[in-house]
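Here's the structure, in structure tokens; my notes come after.
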Number of protein chains: 2
Amino acid sequence: MRAKVKDVANKSGVSMATVSRVLNGNTRVNEKSKQRVLAAAKELDYLPNQAARSLVLKKSNILGIIVPNLENSFNSKLLATIEEEADREGYKIIICCIQENLEKEIKYVNLFRQMYIDGLIILNEKINSKSRKVLNSCEFPIVQASVLIKGLKNSISINVDNRKASCELVNYLIKNGHRDIAMITGNLVDQTSGQFRLDGYLQALKENDISVNENLIKSGNFTFDSGYKATKDILSKKEIPTAIFAACDEMAMGAASAALDLGYNVPNDISIVGFDNIESSRMYRPAITTIGQSTKIIGNLALMAILQSKNNAKTSIEFNNRQYPIIDNKIEIPYIFIERNSVKKF
Amino acid sequence: MRAKVKDVANKSGVSMATVSRVLNGNTRVNEKSKQRVLAAAKELDYLPNQAARSLVLKKSNILGIIVPNLENSFNSKLLATIEEEADREGYKIIICCIQENLEKEIKYVNLFRQMYIDGLIILNEKINSKSRKVLNSCEFPIVQASVLIKGLKNSISINVDNRKASCELVNYLIKNGHRDIAMITGNLVDQTSGQFRLDGYLQALKENDISVNENLIKSGNFTFDSGYKATKDILSKKEIPTAIFAACDEMAMGAASAALDLGYNVPNDISIVGFDNIESSRMYRPAITTIGQSTKIIGNLALMAILQSKNNAKTSIEFNNRQYPIIDNKIEIPYIFIERNSVKKF
DNA sequence: TTGTACGCGTTATCAA
DNA sequence: TTGATAACGCGTACAA
């Protein structure tokens, strides 16, 4: 049986109230009793009961995280960063993976609501009316990390400008002499990584008077596998593009592998660019040209946003001596273009 | 303010006890009151308070998971499977990623202890005296999924025979004419994926009267990056091996990329084998020959082990009409050898 | 079949 | 500076 406050009180010869005061250190207490309590607590291996604690405090020092899946290594990296930041601020994080299943999201968000978590960070972009309702009835602040869900209450979104970044990437291809450029999009119900990246692609074509060829646009689901399949599809048609823009690095590597299997050289026959700058995009051969977003910044801002959400009416958040304004419940963060070896220059 | 049992009771005109009875459905209650309670609960969007609930029940229907990092995709796959199995059994899972940091493990295990979780699944193999003490003082059952920590109380371990599997893999290389075989080990403090796989390698050499060349044994940390570096190291020496056995697929792919960068053809100049059969080992070029372990079986047995741990003295666990005996607190599961295109046959 | 009242372990209030 | 005690929200003996 685990020791309770009462046991510590008995052992140290003071009241439960004093024990609580010592352990939570808010008010002043006699140094002697303090030492006795501390000693007793240690000896009894006392551990506060989280359930009882949050029942009265309505606070848990726990942050909940909803992640759509664990296959995507950008998400993994982001989770790691968030954990670090949270740890530094004295918060623990709990990760719930919903396997792209909104029913599970609802289940876990309700679990979080029952647990008195202090904030929620969501990396999942899909939503339906039911999950929206549950999210909107949360009593804690919600941060959308690298995703955008419109019309969510009590919530802000942190993102790079995915349209602009994608446009820049495709413009880079065009500048290097490519005109027949295919795209493997993500799931278009995902705004930022799906629709916006497609938007950027279309805009770049438009800016350069290149007409859109629907046959060159395929959709995947952000996995290596889907990039592979989409590329086999693209390369089995008559019109072979000279370049492929995949909406994430996993799909870009899948695309490259498919091209290789079909006997194409990358980048000499087919150039490929990705998005996210995941670890292995650097290590793949050829190394993938891509867009990087700083998980450090996202993670830190996400945490700051939650911590500062009590003092509402915040109009900006500071990180590393830089101010990030909050406009329309959104924070825009910078991205970087990373040139590597997966694009041929004509 | 969220609705409480009392609110539901008031609205439906019965007592709190009756509401509780309806919502937990253990004892019989008048059908009419039942309907009224259900309607009221729904209308008020009633959600039980987890903290209060587990405070009295000393049970949460939550399973805790400790994972060393989220970079390794075998772990990701395993997590996904565990989630599925848990969901089917009515359990929610909470994942805590400790970033290879035992202090964090202690912190999270203590959090779990405070939360009345019903069981813990650990995917982390490292341990020290402090974390061992905390794990040993847990009041819930612990399952070691695909890891082995010796002398842990109240705990069983589920594993393939890593020694045997590694030995088989290296024997396959030898049978195909390789004799100068390098190995990139994992971190050797990890028993199963570190030491045991090295043991298997050494045993295979011994069985075939091949003397051990220490220069051909490098250690990595299960990442693509470390496999890459180790291989550059190996291939910069005088004695170039014809094959490399990497202790996991990530490192195998890192090894292959390094070899390619140095101008070697894989598998014609250098053959490479991995371990774990992660998704991308199939999609990499060349596709990696490897050992597969079924996350399905591991996840399911882990769950069964926790659920059945109350009725102790269990000597075996059933899954898919097959009995898995528990011997010395260990369950051995089968592995499969997966031949692909990363090995040259002389 | 139903309701009253107590206990779960903790913190906060109020007197002392 | 301390101690008794009332919450927090729920489940369940026990009594009715």
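Values quoted throughout were computed directly from the atomic coordinates according to the rules given, and no laboratory measurement underlies them. If you're wondering where the values come from, they're calculated on a predicted model, not measured in any experiment. A quick note on method: Cβ atoms are made from the backbone with ideal geometry, for glycine too, and the neighbour counts reach across all protein chains shown.
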Around residue A:183: net Lys/Arg minus Asp/Glu count, Cβ-Cβ under 10 Å: +2
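Please give the net charge around residue B:291, taking every other residue with its beta carbon less than 11 angstrom from that of residue B:291, where Lys and Arg add +1 and Asp and Glu add -1.
Values: positive: B:164, B:197; negative: B:161, B:168, B:249, B:276, B:339.
Around residue B:291, the charge tally is -3.
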Estimated FRET transfer efficiency when R0 is 60 angstrom, pair residue B:30-residue A:337 (beta carbons, to 0.05): 0.30
At 7 Å out from Cα toward Cβ: residue A:236 inter-copy label distances (nm, ascending): 4.5
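Please state the charge dipole magnitude for the protein assembly as shown, taken about the Cα centre, from unit charges on C-beta atoms (+1 on K and R, -1 on D and E), reported in debye and rounded to the nearest 20. Present the calculation step by step, with values, prior to reporting the outcome.
Working: 92 positive and 74 negative charges, 634 e Å.
Once rounded to the nearest 20, the dipole reads 3040 debye.
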Exercise: per-residue mean of other protein chain Cβ atoms within 10 Å, A:43-56: 5
Max mean-square fluctuation residue, GNM over chain A, Cα-Cα springs under 10 Å, options A:137, A:157, A:73: A:137
Inter-copy spacing of residue A:323 label points, which lie 7 Å from Cα along Cα→Cβ, given in nm from shortest upward: 7.3
For the stretch B:246-270 and the stretch A:249-266, distance of Cα centres in Å: 17 Å
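For chain B, what class follows from the C-alpha gyration tensor (a ≥ b ≥ c being the square roots of its eigenvalues): rounded when a/c is under 1.5, otherwise prolate if a/b is larger than b/c, else oblate?
Working: a/c = 2.76, a/b = 2.58, b/c = 1.07.
Because a/c hits 1.5 or more and a/b exceeds b/c, chain B counts as prolate.
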Label point distance in nm, residue A:329-residue A:239, each placed 7 Å from Cα along Cα→Cβ: 4.0 nm
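If packing is taken as the average number of other Cβ atoms within 10 Å across a peptide's residues, how do A:322-329, B:251-258, A:190-197 rank, most packed first? All intermediate terms of the calculation are to be shown ahead of the outcome.
On the way: A:322-329: 12.5, B:251-258: 29.2, A:190-197: 23.0.
Highest to lowest by the protection proxy: B:251-258, A:190-197, A:322-329.
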Teacher prompt: residue B:57 distances to equivalent labels in other copies, 7 Å Cα→Cβ, nm: 2.3
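What is the average number of partner chain Cβ atoms found within 10 Å of a Cβ in A:279-286?
Numbers: counts 5, 11, 0, 4, 11, 6, 9, 3.
Mean number of neighbouring Cβ atoms from other chains: 6.
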Net dipole in debye of the stretch A:207-346 [+1 Lys, Arg Cβ; -1 Asp, Glu Cβ; about Cα centre; nearest 20]: 280 debye
Distance in nm between pseudo-label sites at residue A:47 and residue A:59 (7 Å out along the Cβ direction from Cα): 2.3 nm
For chain B, with +1 on Lys and Arg beta carbons and -1 on Asp and Glu, the positive-most of B:210, B:198, B:27 along the dipole: B:27
Label-point separation in nm, residue B:207 to residue A:219, each point 7 Å along Cα→Cβ: 5.0 nm
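If a/c stays under 1.5 just call it rounded; otherwise compare a/b with b/c (prolate if a/b is bigger, oblate if not). Do that for the protein assembly as shown, with a ≥ b ≥ c from the square roots of the Cα gyration tensor eigenvalues. Working shown, then result.
On the way: a/c = 1.92, a/b = 1.30, b/c = 1.47.
It comes out oblate by the Cα gyration axes.
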C-alpha center-to-center spacing [the stretch A:166-209, the stretch B:88-109] in angstrom: 40 Å
Positive-end extreme of charge dipole, the protein assembly as shown - chosen from A:73, A:177, A:230 (charges on Cβ): A:73
